[in-house]
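Worksheet: the structure to be examined is printed underneath.
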Amino acid sequence: MINKHVISEKIKKAIVEANIKINPEVEEIIERYEGPFSDIIKENYRVSKEEKLPLCQDTGIVEFFVFIGHEVKLEEPIEETLNRAVGEVYSEYPFRYSIVSDPLFERINTGTNTPAIVHIFQVKGKSLEIRFLVKGGGSENLTVLRMMTPTSDVEKVKEFVIEHIKEHGAKACPPLHVGIGIGGTADKALLLSKLALTKSFKERNKDPKYAGLEKELEKELNFLGIGFQGLGKGITVYSVHIEHFPTHIATLPVAVSVDCYLCRRGKVTFED
C-alpha cells in the first residue's frame, strides 16, 4: 500500500519545481545562447527561482503518465490523489488557473486548474512511476495527427513533420522538444507523441532505426532556422523523440506534439 499523502506531497513538490525552476537540460543550452533577448531569458529563470514565481504566465494544464505495478495497492483512485495535489499547488502558489469546465459553451474557469489529464499504464512489479508535463496552451495548439497511407515511407513521414514545424513552430516559443507517435490507432499515436515529451533530451529510441530517424529529424528541423522565440538565431529544436506501436495493415497514424522552450516536466517514483 502506498500512502495517498506520500504520493500527493511528492507530486506537489515536483509540480512546484517544474513551474519555478528551469529544467537543467534547458538551462545548459540557454546559458550558451547569445542571440536576441538572451539576457532577458536568463534573467527570467533566475528571478523565478529566487522569488518562487512561475517561469511563464501560462502555468498550463498538468498531464500525468502513471505507470502502476500490478502488485501496487492504493488508498484511493490515483486520479483523485493527483487532482487534489494539482488543486492544492495552484491554490497555494501564484500559478494561473487555466482550465475551463465546459470546452465549448460556457467555458467557465474551474478555479483549481483541475481536472488534470491522467493516463494510466499497468506494468509489472511493485513500483509506481508518475511522469508529468506542465503543458502550455501555445505548445498544445501545435498538436497534430495525420492518418497517412500505409504505403507512406520514411521520407513521407519526415516531410509531414518538417512541414508542420516549418509552418507553425514559431508559434510555440521555440526551441521546441518534438514528440512523435507512430502506429497504433489515432488516439494511441497522439498519446505516444505526448509520452515522448517526458524523455530526457539525451535519450534515444532503443530501436536503431527509430533512433536514426530521431537524429535525422533533429538535424533537419534545426536547418529550418526558426531559432529562439522564432527570431532566427540559435537552435530550433532541443531534441526529437519517437514512440512507436504496432498498427493495422491498412493504417499509419502519425502524431506530433511539441513542448515550448521551458519543457516543464517531472518524474517521481514510489516503491511499495
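The values are calculated or read from the model by the stated rules, or taken from the named source; none is laboratory data. Bear in mind that the values here come from a model prediction, so they are computed numbers and not experimental data. Cβ placement follows ideal geometry from the backbone for every residue including glycine, while neighbour counts extend to all protein chains displayed. All accessible areas refer to the heavy atoms of the entire protein, side chains included, with ligands and DNA or RNA removed. Shrake-Rupley method; radii C 1.70, N 1.55, O 1.52, S 1.80 Å.
Odds and ends about this structure:
- Couplings 3J(HN,Hα) of the range 157-172, computed from phi: 5, 4, 4, 4, 5, 5, 5, 5, 5, 4, 7, 10, x, 5, 7, 10 Hz, in residue order, whole Hz [Karplus 6.51 cos²θ - 1.76 cosθ + 1.60, θ = phi - 60°; x for Gly and Pro].
- Think of the range 135-257 as having a plus end and a minus end, set by charges on the Cβ of Lys, Arg, Asp and Glu; of VAL240, GLY183, PRO150, VAL240 sits farthest toward the positive end of this dipole.
- Exceeding the 32 Å Cα-Cα cut-off - candidates LYS156/LYS267; LYS13/LYS171; LYS52/LYS202; LYS21/LYS171: LYS156/LYS267
- Loop-resident chymotrypsin sites (Phe, Trp or Tyr not before Pro) (DSSP state other than H, G, I, E or B) in the range 48-105 with no more than 11 further Cβ atoms inside 10 Å of their Cβ: PHE105.
- Flagged links, alpha-carbon separation over 23 Å, of LYS158/LYS194; LYS42/LYS206; LYS126/LYS215; LYS4/LYS188: LYS42/LYS206; LYS126/LYS215; LYS4/LYS188
- Antiparallel %, DSSP beta bridges [both residues in the chain], to 5: 60
- Computed about the Cα centre, the dipole magnitude for the chain is approximately 260 debye when only Lys and Arg (+1) and Asp and Glu (-1) carry charge, each at its Cβ.
- Cα centroids of the range 1-51 and the range 68-93: 21 Å apart.
- Inter-label distance for ASN109 and ILE249, nm, one decimal - labels placed 7 Å from Cα along Cα-to-Cβ: 5.4
- Solvent-accessible area of VAL237 with every protein chain in place, 1.4 Å probe, in Å² to the nearest 10: 0
- Per residue, the convex hull volume that the Cα atoms of the chain enclose (Å³): 140
- By the rule of a C-alpha distance below 13 Å, with chain neighbours fewer than 8 residues away ignored, the aspartates and glutamates paired with LYS199 are GLU25, GLU214, GLU243, ASP259.
- Per residue solvent-accessible surface (Å²) - the chain, probe of 1.4 Å: 49
- At most 10 other Cβ within 10 Å, DSSP loop - trypsin sites (Lys or Arg not before Pro), the range 185-272: LYS202, LYS206
- Rg to Rh, two decimals, where the range 1-100 supplies the alpha carbon set and Rh follows Kirkwood: 1.07
- The charge dipole of the range 57-160, taken about the Cα centre with unit charges on the Cβ atoms of Lys, Arg (+1) and Asp, Glu (-1), comes to about 260 debye, rounded to the nearest 20.
- Among VAL134, VAL144, VAL240: highest mean-square fluctuation, GNM of the chain, C-alpha pairs under 10 Å: VAL144
- Cβ charges +1 (Lys, Arg) and -1 (Asp, Glu), total dipole of the range 1-115, debye: 200
- Global geometry of the range 135-257, whether rounded, prolate or oblate, following the gyration tensor of its Cα atoms and the 1.5 cut on a/c: prolate
- Computed 3J(HN,Hα) for the range 124-139, one whole-Hz value per residue from the Karplus formula 6.51 cos²θ - 1.76 cosθ + 1.60 where θ = phi - 60°, is 6, x, 10, 9, 10, 10, 10, 9, 8, 10, 9, 9, x, x, x, 6, glycine and proline marked x.
- Where GLU25, GLU31 fall by accessible area, highest first, once all protein chains stay in place (1.4 Å): GLU31, GLU25
- Cα gyration tensor shape for the range 138-177, rounded if a/c is under 1.5, else prolate or oblate: prolate
- Percent carbon-and-sulfur accessible area, the chain, ignoring ligands, DNA and RNA, probe 1.4 Å: 54
- Cα gyration tensor shape of the range 185-272, rounded if a/c is under 1.5, else prolate or oblate by comparing a/b with b/c: oblate
- Cα-based Rg and Dmax for the range 219-262, where Dmax is the largest Cα-Cα distance (Å): 14.4, 43
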